[in-house]
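Working notes for the structure below.
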Amino acid sequence: MPGALKGIVRSGLEKGCLFLSMPEYISRLECLLGFRPFSGTLNIEVEEQLLEGFLKGIREEKIESFEKGGQVFGCLTVYRISFKGMKAAIIRPAKTGHPGNIAEIIAPVKLREAFAIKDGDAVEISAPEKESAKKKKVVG
């Protein structure tokens with residue numbers, strides 16, 4: 001069971017809003033997750049080994065790469081999570097400038113505003129309940 005993962009909020013590279021404003025990513029994420037993502041990410045710094053262990057316990061889903069205007073936009077690996085009881089997801093772009101210890105969180109709202117979060121705040125993410133229950137059945 002993946003359980004919960006704690007980390008510290010960090011400023012991002014300001015590229016998430018660019019890609020999450022593209023209709024191609026928006027429509028695919030909305031179809032996959034059941035919500036329209038806010039056009040930006042909340043970046044959480046965690047210990048890389050803990051992040052990898054957490055993600056191994058959650059089913060990964062893929063959004064394939066696509067071409068637009070002669071440029072290839074990379075695929076995304078998506079992991080459904082819960083953030084303060086809200087449906088959310090960790091996205092892992094195939095092309096990223098982030099180190100491996102950064103979890104990029106997307107949600108239907110701007111999480112910084114919705115929960116009064118700022119850089120340096122400690123936060124916790126968790127696997128959605130049904131994902132955890134599914135893993136329990138497989139393991140136990």
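The values are calculated or read from the model by the stated rules, or taken from the named source; none is laboratory data. If you're wondering where the values come from, they're calculated on a predicted model, not measured in any experiment. Cβ atoms come from the backbone with ideal geometry, glycine included; neighbour counts cover every protein chain shown.
Looking only at the stretch 18-42, how many residues end up being surrounded by fewer than 17 Cβ atoms within 10 Å (Cβ to Cβ) and of a type in the set (Lys, Arg)?
1
From 64, 60, grab the single residue that is surrounded by fewer than 13 Cβ atoms within 10 Å (Cβ to Cβ), more than 13 Å from the chain's Cα centre (by Cα) and of a type in the set (D, E, K, R).
Exactly one of 64, 60 is surrounded by fewer than 13 Cβ atoms within 10 Å (Cβ to Cβ), more than 13 Å from the chain's Cα centre (by Cα) and of a type in the set (D, E, K, R), namely 64.
Six or more apart or on different chains, Cβ under 6 Å: which pairs go from a residue in the stretch 49-70 that's under 13 Å from residue 126 (Cα atoms) to one that's of a type in the set (A, V, I, L, M) and not in a helix (DSSP H, G or I)? Could you list them?
If the second residue must be of a type in the set (A, V, I, L, M) and not in a helix (DSSP H, G or I), the pairs left are 51/103; 54/5; 58/127.
Among (1) at pLDDT 95 or above; (2) out of contact with any helix residue (DSSP H, G or I) (no Cβ under 7 Å at 6 or more places or on another chain), where does residue 89 come up short?
(2)
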